[in-house]
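Nothing in this text is a laboratory measurement; each read-out follows from the coordinates by a stated rule. Being a predicted model, the structure only gives us computed values, none of them experimental. Note that we place each Cβ from the backbone using ideal geometry, even for glycine, and neighbour counts take in every protein chain shown.
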């Protein structure tokens, strides 16, 4: 039978001191909001980054992601074939370029993330970059005539261990959150409306 180890007075005091030090460290919690209402018209893959370039030189912790998205196609203009849209929320290990003096994040292409040679319903992560991709959410929209002309999705995840959003200074790579949208449509549809709204919950570190 295992014997439960009791904490000594020294252990308890150390734990108390650590909690006190954590409270003394100045932190600032903020919500970074991103919106996009123009990507519906695209027939090609679309990538949307959740954190702005202006925060690349900031050291943050990403505590959670709250995503809301919807697609609407008017009934009078619905195509005869079903339209599929796949939304993938992911963390990507991006290279940092230092060639221009100011460090900049090299954002991935759709082909960097997924094997685009496969049908969008069964496409899998690009095996050459699988170690760079961490998929958090993967869902399919189906605008199936004549029964459905609108679809919506929501996704909320708060991490037990917050994700590091390192500053680009003196780093070869950093992790950043993205949305990848894949579409089965062959041409752009100008009569479709789409709304994407994302809140990224962050803690700014000193």
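Express in nm, to one decimal, how much length is gained between residue 131 and residue 81 on full extension, taking 0.36 nm for each residue of separation and deducting their alpha carbon distance. Could the numbers behind the result be given before it?
Details: separation 50, 0.36 × 50 = 18.00 nm, distance 3.60 nm.
So the chain would gain 14.4 nm between residue 131 and residue 81.
For the range 88-183, what is the per residue volume of the convex hull drawn over the alpha-carbon atoms, in cubic angstrom?
Dividing the Cα hull volume of the range 88-183 by its residue count gives 135 Å³.
Site pair residue 156 and residue 107 shows an inter-label distance of 2.7 nm when each label is modelled 7 Å from Cα along Cα→Cβ. Seen from all directions on average, the range 139-206 presents a Cα convex hull projection of 7.9 nm². Placing dummy labels 7 Å off each Cα toward the beta-carbon, the span from residue 12 to residue 118 is 5.5 nm.
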